[in-house]
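Reviewing the structure listed below.
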Amino acid sequence: MLVFAVSTAVTLAAVGAFVYARTAADLLDTVDAGLRSRAAILVVDARANGPANVNIGTGLIEPDEAFAQIVDASGTVVRSNDIVSGAPMLSADAVGAVTEPTFFDRHIPGIDNITRLLVAPVRTGGRAAVIVGTSLQDRADQLLQLGLTLAIGIPIALVLLSLAGWLLAGAALRPVERMRREAAAISSSDPEGRLTLPPADDEITRLGATMNAMLDRIQASVERERRFVDDASHELRTPLSILKAELELALARPRSPGELTAALRSAAVETDHLVRLAEDLLVLARSHDGHLPVRGEDADLRELLEGIAVRHRSRTVAAGVNLSVEAPPAAVRVDVGRLRQATDDLLDNAVRHTPRGGQIDVTGTIVDGEIQLVVQDSGPGFSPEVLSRAFEPFVGTAGAYGDRGRSGLGLAIVRVIAEAHGGDVRAENFPAGGARVTLTVRDLG
Amino acid sequence: MRILVVEDSEKMAALVRRGLEEDGFAVDVANDADEAVWCAKENPYDAIVLDVGLGSASADGFEVCRRLRDEGRWSPVLMLTARDAVEDRVRGLDVGADDYLTKPFAFDELRARIRALIRRGAEPRPTVLSVGDLHLDPARHRVQRGSQTIELTGKEFALLECFMRHPGEVLTRTALTEHVWDFAHEGDSNVIDVHVRNLRMKIDRPFGRSSLETVRRVGYRLRDETLGDAPA
């Protein structure tokens, strides 16, 4: 605010000085022009009638403001206005030195203020001259008037401008202050809060809209996290409660060795499930930090996929599903362990959803240095509500507990593995039926 | 004592059944909502252990409980859940469950809670009290005559709830005072008369009824007018 006032004051002062100087120069020009035209009239008169017969009052409206003297070749004043009749307005030497019209500023006795004189020789080379003069009193009065006006007007203008600037800035910044207060009031306990946008379409509104969009994203991500933790705790509690009940029941009364063995077996199964769940959660937690490490290893694409198919053979045979693998023998550099985990999860999913007698095709191709794995099954495909969120944690697993060895995190892990390899994964349904998941990973070589 | 276990995880269901059978209970298991409702309608269970997450979005444990109460099945319900958010517990109890246990639970606690529920018996315990076309929902703190909602003050509400829990019975001023006011209340029975008058202005007068009757020199009685005159 102070900066604004100071710069406004400097600007106003400069404008005032300029106007003052300009007016002073203009006024002098006006005075000079008047003197010149009067001198010209007198010179013409002197040439025609002789210096002694010049009509000295010609063209004068107010004789006491402008006055004239005619001096002859000897330097004697031959004609003069009454007001300056007493003495020559200019010394004979000064007049004699003038060869062309020349201005002088002199103090003349009897005349207020400085007098502006114009000396014009009657004939070129001759000593007779016309001297016209006028007091600069009027000009001085006008300049004084102007100076006073500026001296009073500029400070008033300064105050008004500063006030207007302050009010305008306040009005412009009021929405900002309100938005600041609203932003300060938004807390994690009230994630619904948003900034109220001013109606105008200006920078502040756009800033507010941008901040609201940011809050939307943060809220969505907080809710996603909350849901994840909620789901994860639910998924952990189910096997834990089975484990706890199993052990408590076994200890409740004396048991036969057979009963105890059965209880321990069941507990071991639940423990395996918990271990898998914990590992999966760890992978996801690390990927949330963006630190899921991938370690490049050289492998052959066809060998890799055929190895995975072999490991799934017993399951596919039991499920009555035909599994075929097709891939070129190509050297690739990938994190074999992670890629195997991802493919395992995809095959798990496909086997689970493919009816007896169905077909699962795993196809590996290399396109532009990227490895593409397509797992396609002949099952019913993804349900519409699952399709768009297939790779989110615990989607489509509600109550699926009982599906042994399933954490509900399989497809979510496929995605983070793909992303850790700089790739992605897509799910789609075939119009003819069946789901198709395409996993793309970048070759790490 | 016969118990119904509603649990979608077969392994968990088998464990609970085994544990309870060892205690001498007869146990039936239902794996989904429809089966649970069917079982509970066919058999007068002494208690029902109901898992909230039944794996189908359309009918979870809350829905099963609500359907049972709507059908007039009053077997005590113990809800089991892997979710322990306060709103889940509140919701469970408000749809008519009698108790709540979070997984993983101690088996001894499950047994103790089931015993406690069986002691209570299968008395009708509607979540919404109704006398004729007058309904009072304590959970939502709402009173309706027919479809019209009636605004009551806290004391009026408490008084009406007292009447609705004993429809047709004469309640003495002393009994009402004991149920609705605390020790700090000065025993001026006139206060009861004032509140009853206000209550009548809200639940009877606008509807042209006179369900809240004065029984001279004794107290008051809430009559179910749809049943005709109550015995004197």
### Message
What number do you get for chain A when its Cα radius of gyration is normalised by 2.2 N^0.38 Å, N = residues?
### Response
2.33
### Message
With only alpha-carbon atoms in the gyration tensor, what are the semi-axes of the equivalent ellipsoid for segment A:297-442, in Å, largest first?
### Response
23, 18, 14
### Task
Under 12 Å from the Cβ of A:A46, count the other residues' Cβ atoms, weight Lys and Arg +1, Asp and Glu -1, and hand me the total.
+1
### Query
Which angle between 0 and 90 degrees, to the nearest 10, do you get for helix A:301-319 versus the longest principal axis of chain A when only C-alpha atoms count?
50 degrees
### Structure-based [θ]222 nm, chain B - -39500 (n - 2.57) summed over DSSP H runs of at least 4, per residue, nearest 500
-12000 deg cm²/dmol
### Task
Go ahead and set up a Gaussian network model of chain A, Cα springs under 10 Å, then flag whichever of A:A151, A:A268, A:A94 fluctuates most.
A:A94
### Task
Would you list, by chain and number, the aspartates and glutamates whose Cα falls below 12 Å from the Cα of B:K202, excluding same-chain residues fewer than 8 positions away?
B:E151, B:E156
### Task
Calculate, for B:A14 and A:T196, the FRET efficiency according to 1/(1 + (r/R0)^6) with r their C-beta to C-beta distance and R0 56 Å; round to the nearest 0.05.
0.45
### Task
Report the calculated FRET efficiency for A:E297 and A:F430 (r = Cβ-Cβ distance, R0 = 25 Å), to the nearest 0.05.
0.15
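Would you please put A:298-309, A:154-165 in order of how densely packed they are, using the mean number of other Cβ atoms within 10 angstrom per residue and starting with the highest?
Answer by packing, highest mean first, reads A:298-309, A:154-165.
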### Message
Once you order the gyration tensor axes a ≥ b ≥ c over the Cα atoms, which shape class does segment A:2-141 get: rounded for a/c under 1.5, otherwise prolate or oblate by comparing a/b with b/c?
### Response
prolate
### Query
Rounded to the nearest 0.05, what FRET efficiency do A:A330 and A:R224 have when you use their Cβ-Cβ distance and R0 = 25 Å?
0.10
### Task
Against the globular-protein guess of 2.2 N^0.38 Å, express the Cα radius of gyration of segment A:203-286 as a ratio, rounded to two decimals.
1.89
### Task
Specify the angular offset, from 0 to 90 degrees and rounded to the nearest 10, of the alpha carbon long axis of helix A:336-353 from the longest principal axis of the alpha carbons in chain A.
70 degrees
### Task
Considering only A:R181, A:R226, A:R123, give the residue with the highest GNM mean-square fluctuation for chain A, with springs between Cα atoms whenever their separation is below 10 Å.
A:R123
### Message
For chain A, take the longest principal axis of its alpha carbons; what is the angle in degrees between that and the long axis of helix A:410-420, to the nearest 10 within 0 to 90?
### Response
50 degrees
### Query
What average number of partner chain Cβ atoms lie no more than 10 Å from the Cβ of the residues making up B:101-109?
5
### Message
Please compute the length gained on full extension between B:R140 and B:K41, using 0.36 nm multiplied by the number of residues separating them and subtracting their Cα-Cα distance.
### Response
32.9 nm
### Query
Between A:E259 and A:D216, what length comes free when the chain is fully extended (0.36 nm per residue of separation minus the Cα-Cα distance, one decimal in nm)?
10.0 nm
### Query
For A:E100 and A:A172 in the same chain, what is the full-extension length gain: residue separation times 0.36 nm, less their Cα-Cα distance, in nm?
19.4 nm
### Query
With +1 on each Lys and Arg Cβ and -1 on each Asp and Glu Cβ, how big is the dipole of the protein assembly as shown about its Cα centre, in debye rounded to the nearest 20?
740 debye
### Message
Which residue fluctuates most in the GNM of chain A (Cα springs below 10 Å): A:F394, A:F228, A:F67?
### Response
A:F67
### Query
Each label point is 7 Å from the Cα along the Cα-to-Cβ direction; what then is the distance between the points at B:D23 and B:D193, in nm?
5.4 nm
### Query
Dipole magnitude of segment A:297-442 about its Cα centre, charges +1 at Lys/Arg Cβ and -1 at Asp/Glu Cβ only, in debye to the nearest 20?
480 debye
#### Entry: Estimated inter-spin distance, B:V215 and B:D108, nm [label 7 Å along Cα→Cβ]
4.8 nm
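Read-outs: derived from the displayed coordinates by stated rules, not from any lab. A quick note: this is a predicted structure, and the numbers were derived from the prediction, not measured. Counting neighbours? That spans all protein chains shown, and the Cβs are built from the backbone with ideal geometry, glycine included.
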